[in-house]
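Asker: Structure incoming, see below.
The values are calculated or read from the model by the stated rules, or taken from the named source; none is laboratory data. Keep in mind that this is a model prediction, so the values were computed, not measured. Cβ sites come from the backbone with ideal geometry, for glycine too, and all protein chains shown count toward neighbours. Ligands, DNA and RNA are stripped out before the accessible areas are found, and what is left, the full protein with its side chains, is counted by its heavy atoms. Shrake-Rupley method; radii C 1.70, N 1.55, O 1.52, S 1.80 Å.
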Amino acid sequence: MSLAADLLRVFLNGLQTGAIYILVAIGLSIILGTLRFVNFAHGALYLIGAYAGLLITLEVNLSNGLLREWGFETIGLGWGFLPALIIVPLFVFVIGLAMERFVARPFYDRPDTDQILVTFGLAIIAQELFRVLFGGQSINFARPGWASGPVSLPIIGNFPKWRLYVIIITGILVAIVWLLVEYTDFGLIVRAGTRDPEMVELLGIKLTRPYIVMFGIGAALAGVAGVVGAPLENVNPNIGTGVLVPAFLVVVIGGVGSIRGAVVGGVLLGMVFSVLVGAPLPSIDILGTQITWSAWAQVGIYALAAVVLLVRPEGLFGEEVTG
Amino acid sequence: MSDEVQNPDANDGGDAPEGTAGYVERYRRRGTTANNELLVAVTAVVAVSIFPWLFADAPVISDVLGGYRGLATLMLIWAIFAIGFDLLLGYTGLLSFGHAAFWGGAAYAAGIFSAEVSSEPLLIVLAGTTFAVLFAWVLGFLSLRRGGIYFSILTLAFAQMLFYMASSPLAFLTNGENGFTSVEVGPLLGVIHLDELLVYPLDILYGEMLYVFVATFAVLALLTAYRVLNSPYGTVFRAIRENEQRAEFVGLNVWRYKLMSFVLSGAFAGVAGSLFTIHGQYVPLESLFWTESGEIVIMTVLGGVGSLFGPVLGVVVYLYVENVVSGFETIGPFWHLILGVVFVVVVAVFPRGIWGIIEDGYARVAGGETAADDGGER
């Protein structure tokens, strides 16, 4: 295999890893930027998305799911995954609305630490609920039939089809959110609210509704991330917290409240990870022990965050140092 | 300046019209600090002395509780950790999600030191604590570059970095996912074996020498914390918690005090982590994982932040539920879920935790003096 093919493959893998981080981080970043609310339960939304997607995919299935019990045999819905991709974001959107109203809103005026603590508690509750309901073991989330197997790309050759879809789906969603925030009145109000909420309120615009919708959108994105990310790994109650920490790093690297920052931060992290895991680099020798570069993959993303932080504490696209 | 911040809660305006009464009260309290210290010491010594017997061996009570001695020792170790954590969260107002790095890091340092250099328990504790202090310095230096929530996120991130380093690249040192198994614990000062029963009648109270060893550190930790918090240094911590900007404006180097608070807290975690290694003679990789940081957060907040005994109470409740209640057939499987719900309720409704509830209840019974008058100092 040629070097170009190797590099391209590493690049695509990095893009795919980054895509999941981006989906989770955008919501985290916007909610932090506009509402000044720290959501440690954001990973739980990813978790809910993953389990909900898994259940819908299993139930909307002609070979053994609910549809078959109801007598559907010839409807031709061989791909339960698509309904999941549509229903789950709506479901998690509603959860996001409820979270804003009943959790975030009473805590806006309380110290940051209280916000972190209460959302951290909620994350534990969500995680434990799933453990009680579905058991602690890992469940395999099969990729949908139309998206499993490899796809043949130029230069690279075979590449897992699902990873390509993850990149494409993320690209579309990020574009939609970007357009929404940059080119609609809703986006204008939200952005203005980030800068100077008092002035916006003085202009006679109530910020309550845009904020709650923004919270919902952020939650829905995390939910989608769960649906598209789960087929890449096994679903278990711990995956929510597993994705939360990198997502926070993306926010720190990119700068709070910036969609562009989240995208760049996500891609950067994904690339560092993917290069360390997959690049054809020779292993190094420390004290007589062979250490491969892939062993450093997890450490690498934290090191990157540390470097960015030392050079630019406000993040790459952050505007000011707050807090 | 120091008068200004001596008792921040009292100066918030509520009892300002009382004027001189406040000053008299304040001076009276200052005069009794030394007595209070003796009181705290005696209370602590008595408490740790009767605790294991009451918990594990006393007739009726221990049958109801279902406790055992190993758990009593573990509770004291975590109590040291929690007291240190509360110095940072409750008194300086900084929420760290990275304390697993100091607890687990010290545990590994202690374990590796015991296997490679010396198996003397005191030196093991010294080695683990030294590592924790140095690492806290570095991590605090990096994380304190951003305040508030970013501090929490960054401590979390850098602690995770240490976890992943121990799990893979440094596996030749840490034994990777299997945890560090070759811990060697020798006799204390070359003569006293920690796993030996004490002579009669001391064995009724304390059981093994290990408990006395751990309990000594626990009492020392409590007294150190009390001493620091009632010194001008501790007053600055509280000033930063109440209003960082104002503390900055009166000329205090806030950043340095925050870093020192962080390092001090890391030292407590280091002592606890080293004792954990001596207690279990094994260092699991999970001791570095961020859920461990989460546990100490839950324990401290549950028991009551900003009080000396609250976190200890939180530790006892948490470990009791984790180790004993989880064995009950009825609610055992749900113990973590129940604790999660209780935790959220405490954060939302009782920010001063179980200890705060007790204090308020006591104040209501005693009448008059509310707990807030103490400025949360006890």
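Asker: Please tell me if A:Leu244 is within 14 Å of chain B (Cβ to nearest Cβ), aliphatic (A, V, I, L, M), open to solvent by less than 40 Å² (accessible area, probe 1.4 Å) and part of a helix (DSSP H, G or I).
Answerer: Spelling it out, A:Leu244 is indeed within 14 Å of chain B (Cβ to nearest Cβ), aliphatic (A, V, I, L, M), open to solvent by less than 40 Å² (accessible area, probe 1.4 Å) and part of a helix (DSSP H, G or I).
Asker: If we keep just the residues of the range A:47-78 that are part of a loop (DSSP other than H, G, I, E, B) and modelled with pLDDT of 60 or more, which is most open to solvent (accessible area, probe 1.4 Å)?
Answerer: A:Asn64
Asker: So, in the range A:1-46, of the ones that are under 30 Å from A:Lys206 (Cα atoms) and more than 17 Å from the chain's Cα centre (by Cα), which residue ends up most open to solvent (accessible area, probe 1.4 Å)?
Answerer: Taking the candidates together, the pick is A:Arg36.
Asker: Kindly indicate whether A:Phe273 is assigned to a helix (DSSP H, G or I), of a type outside the set (Val, Ile, Thr) and farther than 19 Å from A:Asn13 by Cα.
Answerer: Judged against the criteria, A:Phe273 is not a match.
Asker: Separate question: Can you name the residue in the range A:230-241 that is under 19 Å from A:Leu122 (Cα atoms) and open to solvent by 20 Å² or more (accessible area, probe 1.4 Å) and is also farthest from the other protein chains (Cβ to nearest Cβ) among such residues?
Answerer: A:Asn236
Asker: Please go through the range B:314-367 and pick out each residue that is away from every other protein chain (no Cβ under 13 Å), in a loop (DSSP other than H, G, I, E, B) and farther than 19 Å from B:Leu76 by Cβ.
Answerer: Once the filter is applied, which keeps residues that are away from every other protein chain (no Cβ under 13 Å), in a loop (DSSP other than H, G, I, E, B) and farther than 19 Å from B:Leu76 by Cβ, the range B:314-367 yields B:Phe328, B:Glu329, B:Thr330, B:Gly367.
Asker: Every residue in the range B:100-123 that is within 14 Å of another protein chain (Cβ to nearest Cβ) and open to solvent by less than 20 Å² (accessible area, probe 1.4 Å), please.
Answerer: Across the range B:100-123, the qualifying residues are B:Ala100, B:Ala101.
Asker: Okay, next question. Just to verify a result, which residue in the range B:136-148, among those that are surrounded by fewer than 23 Cβ atoms within 10 Å (Cβ to Cβ) and part of a helix (DSSP H, G or I), is farthest from the other protein chains (Cβ to nearest Cβ)?
Answerer: B:Trp137
Asker: Return the residues of the range B:51-86 that are over 15 Å from B:Val214 (Cα atoms), more than 14 Å from every other protein chain (Cβ to nearest Cβ) and at pLDDT 90 or above; say none if nothing qualifies.
Answerer: B:Gly84
Asker: Quick one: A:Val227 ticks every box in (1) under 24 Å from B:Arg145 (Cβ atoms); (2) modelled with pLDDT of 85 or more; (3) open to solvent by less than 30 Å² (accessible area, probe 1.4 Å) except a single one, so which number is it?
Answerer: Going through (1) under 24 Å from B:Arg145 (Cβ atoms); (2) modelled with pLDDT of 85 or more; (3) open to solvent by less than 30 Å² (accessible area, probe 1.4 Å) one by one, A:Val227 breaks only (1).
Asker: Among the residues of the range B:309-327, is any buried (at least 18 other Cβ atoms within 10 Å of the Cβ), within 21 Å of B:Val214 (Cβ to Cβ), touching a Ser or Thr at 6+ places or on another chain (Cβ under 7 Å) and at pLDDT 85 or above?
Answerer: Yes, there is a match, as at least one residue in the range B:309-327 is buried (at least 18 other Cβ atoms within 10 Å of the Cβ), within 21 Å of B:Val214 (Cβ to Cβ), touching a Ser or Thr at 6+ places or on another chain (Cβ under 7 Å) and at pLDDT 85 or above.
Asker: Turning to a different aspect of this structure: Would you mind stating whether A:Ile176 is modelled with pLDDT of 90 or more and open to solvent by 20 Å² or more (accessible area, probe 1.4 Å)?
Answerer: When the stated conditions are applied, A:Ile176 passes them.
Asker: Something else about it: Can you go through B:Val185, B:Val191 and tell me which one is within 19 Å of B:Gly128 (Cα to Cα), more than 14 Å from every other protein chain (Cβ to nearest Cβ) and among the aliphatic types (A, V, I, L, M)?
Answerer: Checking each option against the conditions leaves just B:Val185.
Asker: Could you list, in sequence order, the residues of the range A:98-126 that are more than 10 Å from chain B (Cβ to nearest Cβ) and buried (at least 17 other Cβ atoms within 10 Å of the Cβ)?
Answerer: Of everything in the range A:98-126, those that are more than 10 Å from chain B (Cβ to nearest Cβ) and buried (at least 17 other Cβ atoms within 10 Å of the Cβ) turn out to be A:Met99, A:Glu100, A:Ala104.
Asker: Can you tell me which residues in the range A:299-314 are open to solvent by 60 Å² or more (accessible area, probe 1.4 Å) and within 9 Å of chain B (Cβ to nearest Cβ)?
Answerer: Residue satisfying the conditions is A:Leu310 alone.
Asker: Between A:Phe141, A:Phe186, which is surrounded by 20 or more Cβ atoms within 10 Å (Cβ to Cβ), more than 14 Å from chain B (Cβ to nearest Cβ) and of a type outside the set (A, V, I, L, M)?
Answerer: Residue meeting the stated conditions: A:Phe141.
Asker: To continue, here is another question. When residues of the range A:253-270 are filtered for being open to solvent by 10 Å² or more (accessible area, probe 1.4 Å) and outside any helix (DSSP H, G or I), how many remain?
Answerer: The number of residues fulfilling the criteria is 3.
Asker: Keeping to the range B:155-177, report how many residues are under 30 Å from A:Arg36 (Cα atoms) and more than 7 Å from chain A (Cβ to nearest Cβ).
Answerer: Qualifying residue count, the range B:155-177: 4.
Asker: Hey, does the range B:294-308 have a residue that's in a helix (DSSP H, G or I) and either free of Cβ contacts under 8 Å to residues at least 24 places away in the same chain or more than 21 Å from the chain's Cα centre (by Cα) (or both)?
Answerer: Yes, the conditions are met somewhere in the range B:294-308.
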